[in-house]
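We did not get these values from a lab; they are worked out from the coordinates using the rules stated. Since we're looking at a predicted model, the values are computed, not measured. Note that each Cβ is placed from the backbone with ideal geometry, even for glycine, and that neighbours are counted across all protein chains shown.
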């Protein structure tokens, strides 16, 4: 099991939070998603077959790319 935290500047409201939680929660292997519009953080706990690359790619596809650097 692995947990990652991403800063996502595009999260501005509860609708954004819901979208991120729903889309990531649908990935096989994702165990939990905690997102916050206040902190703009998303904490994802996952296991195989989900990968960090797959999670980042999904966030990009739904227009919530994580901030890098």
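Below is a table of values for the structure above.
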quantity	calculated
Radius of gyration and Dmax over the Cα atoms of the chain, both given in Å	10.7, 30
Centroid-to-centroid separation of segment 50-69 and segment 1-34 [C-alpha atoms, Å]	10
With Cα atoms, 0 to 90° folded angle of helix 14-25 axis to the chain main axis	10
Projected label distance in nm at residue 47 and residue 4, using a 7 Å step from Cα toward the beta-carbon	1.8
Taking the chain and dividing mean pair separation by its residue count, relative contact order in percent (alpha carbons under 8 Å, at least six apart)	41
Nearest-ten-degree value, helix 52-61 long axis tilted from longest Cα axis of the chain	40
Burial ranking of peptide ranges 38-50, 1-13 (average Cβ count within 10 Å, highest at the top)	38-50, 1-13
